[in-house]
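Heads up, the thing below is written out as structure tokens.
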Amino acid sequence: MDQATRLRELITQKKLMSHDSDDVKKIRKNNTRVICVTSGKGGVGKTNFTANLAISLSNQDKKVVVIDADLGLANVDVVLGVISKYTLLDVINHNKDITEIMNTGPNGIKIISGGSGIIDLVDMSKEKLNILIAQFNKIYDDADIILIDTGAGLSKSVLSFVFAAEETIVVTTAEPTSLTDAYAMIKNIALSDKDKKIKVIINRVENVAEGKIAFEKLRNACEKFLNTKIEKLGFLADDHNVSKAVKLQKPFVIEYPNAAISRNIKVIALKLTNSIAEEKDYAKSESFISRVISLFR
């Protein structure tokens, strides 16, 4: 009942916000949110979460771009049933416009495959870097939210994206090993930026009680040993419909909209779209890709 009440409140807030003036909408348009989705270890459902979250966010009238920055196992396009013909490497080396390498997924979301182009940032000339930064600025012009799906673990390429993004979502499961790896990721983030907004998703929970216990363990450890606060973004049910959807290469929020996990994702999308924006003006700050490059070097 509490969750249903909260959901109604969020919908009401959204309806009120729709009456904002054009000037306010224009200001919001210039404040594209860059959210990095990461995990301490692989196999926790991070990519599936990112893909289905993107679709649910698009249902909230948000223009969403997903950048698949998992260098080893890039598979956002596989989950969504989309074939990526080009990657960032084609922008860097073959003069492709970034709009040319974007694929359109379900609900009109845009997908960019990073491929090995991400690693090539390290060796690029200043001229190529400037071209890439200019290309990335085109994304900001037509996106409300950019979701970065990183690889798992604590490699330099993963942490560069995590450190550069304004917001980070850490996906974990309730298993002790997964929570330990999530803690290691949060520790690295906290050491780099004490003020970073860190949200946590507990995936594959048997019930809400299991999710609460897992989150409290992680929260207590972060506050006690890192002096860092984390935010509970939500829990995702251990739902057999996920594997069925993956086999079909269909997003589960579309294929099984009434499944427990689909309802979970929809509530999380509502929480994100109705959360209070950071005080920082993203449009006036250094661009995301510029920060990524500076961390690579």
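Structure data summary
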read-out: Sole residue being modelled with pLDDT under 95, among the β-branched types (Val, Ile, Thr) and under 30 Å from Ala143 (Cα atoms), chosen from Ile254, Ile289, Ile261; value: Ile289
read-out: Residue count for the stretch 47-91, restricted to those that are in contact with a Leu (Cβ under 6 Å, 6 or more places away or on another chain) and β-branched (Val, Ile, Thr); value: 3
read-out: Strands (runs of 3 or more DSSP E) within the stretch 145-224 that include 1 or more residues small (Gly, Ala, Ser) and either surrounded by 22 or more Cβ atoms within 10 Å (Cβ to Cβ) or touching a helix residue (DSSP H, G or I) at 6+ places or on another chain (Cβ under 8 Å) (or both); value: 145-152
read-out: Hits in the stretch 249-264 - residues which are in contact (Cβ under 8 Å) with a residue 24 or more places away in the chain and at negative phi; value: Lys250, Pro251, Phe252, Val253, Ile254, Ile261, Ser262, Asn264
read-out: Residue list for the stretch 30-85, restricted to those being under 24 Å from Val205 (Cβ atoms), in a helix (DSSP H, G or I) and small (Gly, Ala, Ser); value: Ala51, Ala54, Ser56
read-out: Identity of the residue in the stretch 156-176, touching a Gly at 6+ places or on another chain (Cβ under 9 Å) and polar (S, T, N, Q), that ends up farthest from Arg204 (Cα to Cα); value: Ser157
read-out: Which numbered condition Val246 fails, given (1) at pLDDT below 95; (2) assigned to a loop (DSSP other than H, G, I, E, B); value: (2)
read-out: Qualifying residue in the stretch 230-243 (condition: more than 19 Å from Ser56 (Cα to Cα), of a type in the set (D, E, K, R) and either in contact with a Gly (Cβ under 6 Å, 6 or more places away or on another chain) or modelled with pLDDT of 95 or more (or both)); value: yes
read-out: Set Gly108, Gly81, Gly72: member being surrounded by fewer than 21 Cβ atoms within 10 Å (Cβ to Cβ), small (Gly, Ala, Ser), closer than 19 Å to Ala51 by Cα and at pLDDT below 80; value: Gly72
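The values are calculated or read from the model by the stated rules, or taken from the named source; none is laboratory data. Just so it is clear, the model here is predicted, and its values are computed rather than measured. Note that each Cβ is placed from the backbone with ideal geometry, even for glycine, and that neighbours are counted across all protein chains shown.
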